[in-house]
Amino acid sequence: MNLAPRALSAAIVLLASGGVLAQAGPYLGGAVGQSQFKEWCDPGAANCEDTDTSWKILGGYRFNRYLAAEATYIDWGEVTATVLGGAQPVDVAATQRSYGLAAVGTLPLGERLELFGKAGFLQTEQETRRIRPNPTTVSRDETELHYGLGVKYAFSRTWALRGEWENTDKLKVEMLSIGVEYRF
């Protein structure tokens, strides 16, 4: 029995299928990570904490093995600081949440592994609270550029593990995360 025709047939089927990750269609996912508010801790701040646990949910549609569109909701977490400089220290905290849409470009590195980059826009809501003295809240909304890089590893045709770094342009927050993706 000659195995060459069978091996050639199997290789053609694998190439035609585009690999585990390359299938077109919708996907959903979620991730947890650590965010850093890059310009939060300034020289006048004491007891400053500019990192927190963050999380996101995402959904998208992959048009082909190289291009997808992705919608994201991100909760960047909360940061705190005590600002010195007046007669009395001021305790402040800030939270930030974003909704966004991005184009995702993919570079397959084999059947199960791929690199990806994304760029798009976020609508970001930031709430800064003065806790003590005289509690007040200031809200800020921004539409801003959002970009990131990541890597994905497929365990099966439907499940993948993804690690990602992402950044915002105006409010200067970045996140490192690890999550899962489910393809339909």
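Every number here is computed from the coordinates shown, using simple stated rules; none is lab data. These figures come from a predicted structure and were not determined experimentally. Note that each Cβ is placed from the backbone with ideal geometry, even for glycine, and that neighbours are counted across all protein chains shown.
Grab the DSSP H runs of the chain that are 4 residues or longer, score each as -39,500 (n - 2.57), total them, divide by all residues and round the 222 nm result to the nearest 500 deg cm²/dmol.
Mean residue ellipticity, 222 nm, calculated: -2500 deg cm²/dmol.
Please identify, among 47, 134, 64, the residue showing maximal mean-square fluctuation in a Gaussian network model of the chain using a 10 angstrom Cα cutoff.
Its mean-square fluctuation being the largest, the pick is 134.
Tell me which lysines have Cα within less than 18 Å of residue 38's Cα, excluding those fewer than 8 residues away on the same chain?
In chain and number order, the partners are 170, 172.
About the Cα centre, and with charges only on the beta carbon of Lys, Arg (+1) and Asp, Glu (-1), how big is the dipole of the chain? Nearest 20 debye, please.
Once rounded to the nearest 20, the dipole reads 840 debye.
Can you give the three extents of the C-alpha atoms in the chain along their principal axes, from longest to shortest, in whole Å?
Each principal axis gives a Cα extent; for the chain these are 90, 25, 21 Å.
Of 96, 84, 156, which is farthest along the charge dipole of the chain in the positive direction, counting Lys and Arg as +1 and Asp and Glu as -1 at C-beta?
Toward the positive end, the furthest listed residue is 156.
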